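Worksheet: the structure to be examined is printed underneath.
All of the numbers you see were taken from the coordinates with simple rules; none came from a lab. Please read these numbers as outputs of a predicted model, since none were measured by experiment. So basically every Cβ, Gly included, is an ideal-geometry build from the backbone, and we count neighbours across all protein chains shown.
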Amino acid sequence: MESLVLRHHPEISRLLWRFARNPADLEDLVQETFLRMVRSLDTWRADQPFRHWITRIATNVGRDFYRRQAVRRRWATEPLAATEGGEVLPPEAVDPGADPAARAAASEFKELLATLPADDRALLTLHHLEGWDLKTIAAQFGWTVTATKLRAWRARNRLRALLTETHSP
Amino acid sequence: MKEPQDSVPPRWQVLVAEARRDQPPDLDPQAVLRALRSEPRERPAPVASGWWPEFAGLFGSRSVFAGVALATIAFCAVAVWQTSLLWDAVMPWAELIAGDESLFTGGLL
């Protein structure tokens, strides 16, 4: 078990960082992924690569995280730097990372996506930030490829409108 | 459907390119391991459904239930077989005592 965690931890952290807004969220998401892995180890089939299986668990954890956020967002306007528990972090608590420009861009990207439905956010996150093709995403989430393309198209249209609105002179 | 990559403003493409460079903060995998160790090893038994729960309290396990069921079927089969033997043994005497051979056979013989 320990070797499984140590082997997959860096990759899972990197993937879930695309969904998380701060290190506290990331830690929760990574932990949840490995807990789900342990709880459902008996459903893993030896004929499928373990890496694919755990990646699927991680993307579902990310998608559930977005869904929980969407539910909370319906009840209250939530600032970007808040933890999942609702605790608001001061701006200096958010680590600028090794590349502050990239961290700022990632924050802006996530903020823009936060206006979309949870599944659309997950789709665009994986497609744009992780570079997954739509066919892979469709297989991950159990959607048809056509539905995935349509969903991506609609989500990008909404984003285009938002960006035009935000950055128009 | 063609992916409308060019339908998003250039600002979006720049943003995505920059955001992709962002690396996660370093997390200690030991925190995950500690959480896994504190996770209870025994999972709660799944809630059974269907006819079995009715019998589970009586027999404890399915194999015990199957054994008892087989023994019951075997006992009934032997009982029926023995009853027919008994019937054959008793009937002639009953008819003799009654003095009427068709009393118990209904005149079929």
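Key figures for this structure:
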quantity	calculated
Sites residue B:20 and residue B:74, calculated FRET efficiency, Cβ-Cβ separation with R0 45 Å, nearest 0.05	0.05
Added length on full extension, which subtracts the Cα-Cα distance from 0.36 nm per residue, residue A:157 to residue A:73	28.1 nm
Fully extended contour minus Cα-Cα distance, from residue B:28 to residue B:11, at 0.36 nm per residue	2.6 nm
Gained length - residue A:144 relative to residue A:44, 0.36 nm times residue gap less alpha-carbon distance	33.7 nm
Average beta carbon contacts from partner chains per residue of B:32-39, 10 Å cutoff	6
Peptide-level mean, for A:9-18, of C-beta atoms on other protein chains within 10 Å	4
Between the range A:1-22 and the range A:121-167, the alpha-carbon center distance in angstrom	23 Å
Most to least packed among A:60-73, A:18-31 [average Cβ atoms within 10 Å]	A:18-31, A:60-73
